[in-house]
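What follows is one structure encoded as structure tokens, with my remarks underneath.
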Amino acid sequence: YVHLLHFIQNTPNNMSNNSDDDKNYEKLMIQLVTFLKDDKVEMRNSAIEHIKAFTAQNIYFKYFYGTEIVENLIKLLADIKAIARNALVCIINLSQDDIIRNEMIKLKLVSILCDQICDFKNAKDNPLVQPACMALSNLTRFEEACKILMQEGSKIQGLYFCKLIDCFVKSSPIPSTSSSSSSSSSSSSNSKDNFSWLATVLLNASQIESTRRELLNQQGNGRKLLTILLPYLFHENKVRRNGIIGLIKNCCFVMTEHDWLISDEVDILYYLLYPLIGSDPFSKQV
């Protein structure tokens, strides 16, 4: 392992394009990834720290092909918080790569992250919340992952989606329009809102038909879900606002539901026009 660390420390300066170096890097990653399964927490921690540094640059992604990187990162999600957080950062970085992302989806990482996030519902300050939401956001940019999140075809279709909305809502109170003058919120409030990236997950999920049906279903829970989310157009957190704006935009593509959306039941025009009007009172002359 000491030998391996010495090579790693000099890696950025040794990078070249010849095939011999490629083989060296492949061997390096295989060896490094195996240390993620080590019995000693110190070894796992050291290995994940170095792997995190490699995943920060996409030129190294190809050297993880054929390794057990995804399997081992998933197992580390149940490790101590410092290691689990670094594993999530690696997942966020590596999910940019098509091959590795497909492997993540194949190994049911979407379901694992949904379960983990739902378990965090009453632990808003847990340092794993935000990276877990960001990792799920990255994965659900793709339709296949959205279908898994919606549990399409199963008896419990839409359960994860409803649970994630529950986490999203309970983690931050519904704002009132009187306080919305501040679409200008401080960056500090954005950074403290660990569940804010769920807005992007909900937005991503709304790109598929089954999600839009869930949101626009007037007979079931869909009506409640949409009306619960609409007030977040006024939320001080920009990530939350932008996510819900995109979700509403996707729902508006369902032309058959336009009459219902503008009805008093939903009153979507109020939510869409209020930010444009602002909260300043108008005189009678106006």
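The values are calculated or read from the model by the stated rules, or taken from the named source; none is laboratory data. Please read all numbers here as calculations on a predicted model, not as lab measurements. Backbone-built Cβ (ideal geometry, glycine too); neighbour counts: all protein chains shown. In case anyone asks, the SASA skips ligands and DNA or RNA and just uses the protein heavy atoms, side chains included. Shrake-Rupley method; radii C 1.70, N 1.55, O 1.52, S 1.80 Å.
Quick one: in the stretch 152-184, which of the residues that are in a loop (DSSP other than H, G, I, E, B) and surrounded by 18 or more Cβ atoms within 10 Å (Cβ to Cβ) is modelled with the highest pLDDT?
GLY158
Give me the helices (runs of 4 or more DSSP H) completely within the stretch 198-264, filtered to those with at least 1 residues that are in contact with a Cys (Cβ under 6 Å, 6 or more places away or on another chain) and among the aliphatic types (A, V, I, L, M), ordered by residue number.
Those helices (runs of 4 or more DSSP H) span 198-205, 209-216.
Scan the stretch 147-165 residue by residue and report those that are among the β-branched types (Val, Ile, Thr) and touching a helix residue (DSSP H, G or I) at 6+ places or on another chain (Cβ under 8 Å).
ILE148, ILE165 - these are the residues of the stretch 147-165 that are among the β-branched types (Val, Ile, Thr) and touching a helix residue (DSSP H, G or I) at 6+ places or on another chain (Cβ under 8 Å).
Answer yes or no: is there a residue in the stretch 112-135 that is farther than 20 Å from VAL169 by Cα and in contact (Cβ under 8 Å) with a residue 40 or more places away in the chain.
no
Looking only at the stretch 268-286, count every residue that is open to solvent by less than 60 Å² (accessible area, probe 1.4 Å) and at pLDDT 75 or above and tell me the total.
Qualifying residue count for the region: 3.
With the requirement that a residue be among the β-branched types (Val, Ile, Thr) and exposed (fewer than 15 other Cβ atoms within 10 Å of the Cβ), what does the stretch 23-44 give you?
THR34, VAL41
Give ILE51, ILE80 a once-over and let me know the one that is on the phi < 0 side of the Ramachandran plot, more than 13 Å from the chain's Cα centre (by Cα) and open to solvent by less than 30 Å² (accessible area, probe 1.4 Å).
None of the others qualify; the one that does is ILE51.
For the stretch 54-64, give me each residue that is out of contact with any helix residue (DSSP H, G or I) (no Cβ under 6 Å at 6 or more places or on another chain) and either crowded, with 18+ Cβ neighbours inside 10 Å or modelled with pLDDT of 95 or more (or both).
Passing the criteria: only PHE61.
Could you check the stretch 83-120 and list, in sequence order, the residues that are outside any helix (DSSP H, G or I) and open to solvent by less than 10 Å² (accessible area, probe 1.4 Å)?
SER95
Mind checking which residues of the stretch 121-145 are more than 27 Å from GLY66 (Cβ to Cβ), assigned to a loop (DSSP other than H, G, I, E, B) and open to solvent by 30 Å² or more (accessible area, probe 1.4 Å)?
LYS121, ASN122, ALA123, LYS124, ASP125, PRO127
Go through (1) surrounded by fewer than 23 Cβ atoms within 10 Å (Cβ to Cβ); (2) within 30 Å of ASP98 (Cβ to Cβ); (3) at pLDDT below 95; (4) not polar (S, T, N, Q) for ILE148 and report which single condition fails.
Unmet for ILE148, out of (1) surrounded by fewer than 23 Cβ atoms within 10 Å (Cβ to Cβ); (2) within 30 Å of ASP98 (Cβ to Cβ); (3) at pLDDT below 95; (4) not polar (S, T, N, Q): (3).
Return only the number of the condition from (1) in a helix (DSSP H, G or I); (2) of a type outside the set (A, V, I, L, M); (3) modelled with pLDDT under 95 that LYS75 does not satisfy.
Every condition holds for LYS75 apart from (3).
Residues in the stretch 103-116: is at least one touching a Gly at 6+ places or on another chain (Cβ under 7 Å) and at pLDDT 95 or above?
no
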